[in-house]
Amino acid sequence: MMVFSLGSLKMTLAFLVFILSVSVSYSQNQEESVFFINRGKNLEWISHSTNDDALHHIISKEVFRHLEIRKGKIDGLQSKSDWLTYRDNLKEKFNASLSKFEKTP
């Protein structure tokens, strides 16, 4: 008959819990990692020489996306009235954002 002391039982139990927790845990999912960009499920390291280059890349990508949307809208304009409506909508949007400010003397 084997007799276990309370100390060795606690150590064995702690060791088993550690082994089980390590075997269940896994590293971060690469698709969700901030160190990868996911272009068509091809994992690539984000590599830029400086933070400024990385920011420029991110902003440029967003700007070109908006330019494509704008190009699609402009390509749909056919008549003078379409252009005037487009112009008036832009004026309204710009003036609405500037109306928050007050003129100072």
Boolean, GLY40 is loosely packed, with under 11 Cβ neighbours inside 10 Å and modelled with pLDDT of 90 or more: no
So for segment 62-83 (the condition being surrounded by 10 or more Cβ atoms within 10 Å (Cβ to Cβ), touching a His at 6+ places or on another chain (Cβ under 7 Å) and part of a helix (DSSP H, G or I)), does at least one residue qualify? no
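The values are calculated or read from the model by the stated rules, or taken from the named source; none is laboratory data. As the structure is a prediction and not an experimental result, all values here were calculated from the model. Here Cβ is always computed from backbone atoms with ideal geometry, including for glycine, and neighbour counts include all displayed protein chains.
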